[in-house]
Amino acid sequence: MAGWAGWRRRRPATGRGTVDELEGRVLNGSNGASLVMGGGPDRSRSLSCDVVIVGGGHNALVASTYLARAGLDVVLLERLDHVGGAAISAQTFPEHDARLSRYSYLVSLMPQALVDDLGLRLELRSRDTASYTPYERDGEAHGLLVETGEGDATRASFRELTGSDDAFEAWQAFYGEVAMLADAVAPTFLRPLPRRADLGPVVDQQVWTDVVEQPLGVALERRFDDDLVRGVVGTDGLIGTFASLHDPSLAQNRCFLYHLMGNGTGEWRVPVGGMGAVTGELERVAREAGVRILTGVEVTGVEQIEEREACDCGDPGEEAGVVVDALEGEGHLQVDAAYVVSGIAPYALDAAMWPGDQAGVTRPSGSQLKINLLVSRLPRLRSGDDPAVAFAGTFHVDEAMSQVEALHTAAAQGEQPFASGELYCHTLTDRSILGPELAASEAQTLTYFGLHTPYENLLDDRAAEREYRRFLTAIDAHLAEPLEPLVLGVEVKTPADVEAALAMPGGHIFHGDLAWPWLDDDEPADSPAQRWGVATAHDRVLLCGSGARRGGAVSGIGGHNAAHALLEMLSRRP
């Protein structure tokens, strides 16, 4: 790698890194790292540390905090001018004082034990409404309401839809069995990966078969008679995942399982202050732990350096480690470390390690449309139901099973005939993201997450406007008034827009399809990185982001597990 020959790194007995500079001066960093400042006009510089974190998303912040608290010298490199990745808040509409959770918007899998361990000062609120799904039967508008807790309104709503209590009782039975699966799996997320054989015997065999062994659609069709109910259940398997509910790959099953693990109960909670409040706390604890965070730094190359024998000239050789090349403003930054922990997508990491040589590596392709809205008030519903109840949870738009399956079939052929997705209103639960004037009004934020909108289908210049119009057509069919006159601001993000903004290949929000959160019985687990689900093909490079096993969503689990794997590795070094 360019620049490596110009300097070399030797590690003293203390374990802290220093740099022998050939032409320049050495500046000692605040954490024992050494900084080499070149004297030339190219503004290049070099850093030496124990661990370099690539990417500054929420998982990267978690990993860096744990490692720094263990006494390691940690440098974190982030391409943007702020940390947080997708878990940020922003004043999306400059003329309106509202800070929206622009990409990720709910806290799902983050274990309370992790929050407590890091000392995060967060308030995560539950919602009274789990979901509301508008529908039309015999020319009349209705809505299927599912409350968060036990309530007669949910039973009555199922009865109105189906004419009996059978669907509601089937719903309760299914989610009761899924809860047993969650009880077995969720506690393992902050431990080394369990074996599949260890989990199967402690879970009801029927739900194990339904969720783990056969396509989710088979279970939905067997357990529920109503198409709408099937869709409401099944869409948890399609968030950020382009698959039929009958896909033999079971990608939809894995997505479904992760979504039902939220908070150990399947509950997704609202972060008070927006998602930026979560990132703000993670940044606070990272800096307090001594992590040096460098923003505006774009990583261009990662190289693992193997230990070399001394040469005839008496050079003692280079210690095994890694070298990270990056662009910093108009200059070049080179970081020499013992280990890399990567929060970027595995595909992007692979490109950095093997530039120009990714033959045979599948590039991720995202499949979600994100629309952020600020409205002057909530629209009235054709059903006459209270919008403050209907929009407080997940508001399903045309997500019956037949509809999402038809959309998947069409999208796989490059067509987007209609919109299918779900809405969420943050401000019904937390109005702190609004400025005083908006907070005192009836204004609300709405976030729409569209399903089955593949990256490849939305690449033309008019894609965002076209899909926004499709969304309006879909939602207006369930409203007593058109939505657009109520809109104060709108932002549309296609997968290509997500890729451009966050450097996620293909705009895939999980960095690739999710994996089962356990090891197959014959899967190797010879190293700490493999046991924790953070291994790469390089023994000094670990994954901590959404692409790690048990990554995906805003959880911090990937960061926790990468840090603990590395600390286990270091404890075993002679």
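The values are calculated or read from the model by the stated rules, or taken from the named source; none is laboratory data. Worth saying up front: this structure is predicted, and the values here are computed from it rather than measured. Every residue, glycine as well, gets a Cβ built from its backbone with ideal geometry; the counts of neighbours run over all protein chains shown. Protein only, heavy atoms only, side chains kept; ligands, DNA and RNA dropped before computing areas. Shrake-Rupley method; radii C 1.70, N 1.55, O 1.52, S 1.80 Å.
For D225 and R363, what is the calculated FRET efficiency with R₀ set at 25 Å and r taken between the beta-carbons, to the nearest 0.05? Efficiency computed from Cβ-Cβ geometry: 0.05.
On the beta carbon distance between Q205 and E123, with R0 = 30 Å, the FRET formula returns roughly 0.15. The distance from the alpha carbon centre of region 108-145 to that of region 148-226 is 17 Å, rounded to a whole number.
Summed over the residues of the chain and divided among them, the accessible surface reaches 39 Å² per residue at a probe radius of 1.4 Å. Highest mean packing first, where packing is the average number of other Cβ atoms within 10 Å per residue, the peptides 229-241, 489-501 line up as 229-241, 489-501.
A Cα-only calculation for the chain places Rg and Dmax at 25.0, 89 Å. Working from label points 7 Å from Cα in the Cα-to-Cβ sense, the Q413 to R43 distance is 5.4 nm. The distance between label points at V218 and A501 comes to 3.9 nm (points 7 Å beyond Cα on the Cα→Cβ vector). Largest accessible area first, the residues E456, E281, E221 order themselves as E456, E221, E281 under a 1.4 Å probe with ligands, DNA and RNA left out. Once the Cα atoms are used to define both axes, helix 275-288 deviates from the longest principal axis of the chain by about 20 degrees.
A straight chain from D522 to Y175 at 0.36 nm per residue would run longer than the Cα-Cα distance by 121.9 nm. For a paramagnetic label modelled on E140 (point 7 Å from Cα along Cα→Cβ), amide N atoms under 20 Å away belong, within region 377-405, to 381-387, 390. Normalised by 2.2 N^0.38 Å, where N is the number of residues, the C-alpha radius of gyration of region 214-279 stands at 1.30. Only Cα sites of region 96-196 enter the Debye sum here, all with the same form factor; the resulting log10 I(q)/I(0) across q = 0.10, 0.25 1/Å is -0.49, -1.33, listed in q order. Each of the peptides 71-80, 49-58, 470-479 was scored by the mean count of other Cβ atoms within 10 Å over its residues; in descending order, highest first, they stand as 49-58, 71-80, 470-479. Measuring with a 1.4 angstrom probe and ignoring ligands and nucleic acids, D227 comes out at about 50 Å² accessible.
The fraction of Cα-Cα pairs per 10 angstrom bin, counted from 0 for region 129-257, comes to 11, 38, 35, 13, 2, 0 percent, rounded to whole percents.
The heavy atoms of T536 offer some 40 square angstrom of accessible surface to a 1.4 angstrom probe. Label positions at S571 and D198, each projected 7 Å from the Cα along the C-beta direction, are separated by 1.6 nm. As an equivalent ellipsoid, region 104-158 spans semi-axes of 35, 12, 7 angstrom, where each value is the square root of five times an eigenvalue of the C-alpha gyration tensor, largest first. P(r) tail for region 188-300: Cα pairs beyond 18 Å make up 66% of the total. Once you have the Kirkwood Rh of region 415-574 from its Cα pairs, apply Stokes-Einstein at 10 °C and 1.306 mPa s and quote D in µm²/s. Once the numbers are plugged in, D ends up at 82 µm²/s.
Work out, step by step, the length gained on full extension between E306 and E484: first 0.36 nm times the residue separation, then minus their alpha carbon distance; give nm to one decimal. Roughly 58.1 nm would be gained on extension. Scalar couplings 3J(HN,Hα) for region 396-413, obtained by applying the Karplus form with A = 6.51, B = -1.76, C = 1.60 to θ = phi - 60°, are 7, 10, 6, 10, 4, 4, 5, 5, 5, 5, 5, 5, 4, 4, 5, 5, 5, 9 Hz; x denotes Gly and Pro.
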